[in-house]
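First the structure, in the form of structure tokens, and then the observations on it.
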Amino acid sequence: MIEVTHGDSPLVLGLPHTGTEIPDNCRARLNETGRAMADTDWHIHDLYLGLVEDVSTVRTTVHRYVIDVNRAPSGESLYPGQNTTGLCPLTDFDGRAIYRNGQEPDATEVARRSATYHAPYHAALAAELARVKARHGFAILYDCHSIRGHIPYLFDGILPDFNIGTNSGASCAPEITEAVQAICESADGYTSVLNGRFKGGWTTRHYGQPVQGIHAIQMELAQSTYMIERAPWTYVSEIAERTRGPLASILDTLSAWRPQ
């Protein structure tokens with residue numbers, strides 16, 4: 001359910017949305033839309049695999065429709081006034097219901113899923129960040145995400161390729177933001193934005209405490225940068241390998257970064 005690898009560098013990769021496991025008791029409640037799992041961060045763990053040495057990773061194998069570990073456990077919205085999905089999503093990114101009528105999780109079921117899946121993921125992530133910080137005096141959390149580039153329910157137009165989120169600059173040192181932004185802006189043929197539609201999820205906002213020595217940054221990739229954005233969601237190696245170039249530069253830079 002929770003997969004952890006321990007590296008020696010200051011860098012920790014969070015992988016909250018790549019899982020595709022749905023327990024039988026939850027799957028039975030989902031309708032056809034829910035069972036299609038269209039909002040998975042498809043192949044992200046494969047895209048980042050081997051890009052940098054000695055990196056730590058924390059991944060949940062459970063799908064975000066069961067519970068979204070990148071949402072606040074309280075259920076509060078990260079983007080007030082904008083369409084989004086919640087802790088235990090009731091719709092997909094297109095606003096379509098994912099549960100059969102009357103089968104939506106109630107408060108008791110949400111609490112059960114939170115204790116079973118959300119809390120263990122964050123216990124593992126917090127432990128890894130603490131281990132890395134104890135070794136280096138600081139830690140950098142890089143939260144790995146991807147999404148379809150055209151979702152009118154969530155945002156207008158076409159999403160840029162690289163979407164950097166730092167909670168409007170609060171979650172990491174400015175030097176980290178500047179370094180990542182520079183790599184994205186210099187990547188030939190790609191578009192990028194800093195703190196646009198996606199400013200960082202709960203993970204970035206919760207753990208990103210630069211004064212306490214933990215820096216956090218989120219990368220939301222448009223899925224067209226490495227795959228086909230429709231079922232069966234095929235990973236395209238030729239496209240992905242090109243994208244892995246700037247991603248490797250980002251991870252190398254973060255691994256080598258030290259506080260001034």
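The values are calculated or read from the model by the stated rules, or taken from the named source; none is laboratory data. Since we're looking at a predicted model, the values are computed, not measured. For neighbour counting, all protein chains shown are included, and Cβ atoms are generated from backbone atoms with ideal geometry for every residue, glycine included. The accessibility values were calculated without ligands, DNA or RNA, using every heavy atom of the protein model including side chains. Shrake-Rupley method; radii C 1.70, N 1.55, O 1.52, S 1.80 Å.
Looking only at the range 132-148, decide whether some residue is free of Cβ contacts under 8 Å to residues at least 24 places away in the same chain and more than 25 Å from ASP94 (Cβ to Cβ).
Checked the range 132-148: at least one residue is free of Cβ contacts under 8 Å to residues at least 24 places away in the same chain and more than 25 Å from ASP94 (Cβ to Cβ).
Please determine, by comparing only the residues of the range 178-202 that are part of a helix (DSSP H, G or I) and in contact with a Leu (Cβ under 7 Å, 6 or more places away or on another chain), which one is surrounded by the fewest Cβ atoms within 10 Å (Cβ to Cβ).
If we filter the range 178-202 for residues that are part of a helix (DSSP H, G or I), which is where we start, we get 178-186, 202.
Narrowing further to those that are in contact with a Leu (Cβ under 7 Å, 6 or more places away or on another chain): 181, 202.
Numbers: GLN181: 17, TRP202: 21.
This residue is GLN181.
For ILE151, which of the numbered conditions (1) touching a Pro at 6+ places or on another chain (Cβ under 9 Å); (2) part of a loop (DSSP other than H, G, I, E, B); (3) open to solvent by less than 10 Å² (accessible area, probe 1.4 Å) fails to hold?
(1) is the only condition that ILE151 fails.
Can you say whether GLU109 is in contact with a strand residue (DSSP E or B) (Cβ under 7 Å, 6 or more places away or on another chain), of a type in the set (Asp, Glu), at pLDDT 95 or above and over 29 Å from GLU229 (Cβ atoms), as far as the supplied structure shows?
Numbers: in contact with a strand residue (DSSP E or B) (Cβ under 7 Å, 6 or more places away or on another chain): no; of a type in the set (Asp, Glu): yes; at pLDDT 95 or above: yes; over 29 Å from GLU229 (Cβ atoms): yes.
Against the criterion (in contact with a strand residue (DSSP E or B) (Cβ under 7 Å, 6 or more places away or on another chain), of a type in the set (Asp, Glu), at pLDDT 95 or above and over 29 Å from GLU229 (Cβ atoms)), GLU109 does not qualify.
For ASN70, only one of the following conditions fails: (1) of a type in the set (S, T, N, Q); (2) within 18 Å of ILE22 (Cβ to Cβ); (3) at pLDDT below 95. What is its number?
Condition (3) is where ASN70 drops out.
Can you pull out the residues in the range 113-130 that are surrounded by 15 or more Cβ atoms within 10 Å (Cβ to Cβ) and not hydrophobic (A, V, I, L, M, F, W, C)?
ARG113, SER114, TYR117, HIS118, PRO120, TYR121, HIS122, GLU128
Say we look at the range 205-257 and pick out the residues that are free of Cβ contacts under 8 Å to residues at least 60 places away in the same chain and either of a type in the set (D, E, K, R) or open to solvent by less than 20 Å² (accessible area, probe 1.4 Å) (or both); which of these is farthest from ALA139 (Cα to Cα)?
Top of the filtered list is ARG230.
So LEU141 passes all but one of these: (1) closer than 30 Å to ILE228 by Cβ; (2) outside any strand (DSSP E or B); (3) open to solvent by less than 10 Å² (accessible area, probe 1.4 Å); (4) aliphatic (A, V, I, L, M). Which condition number does it fail?
The failed condition is (2).
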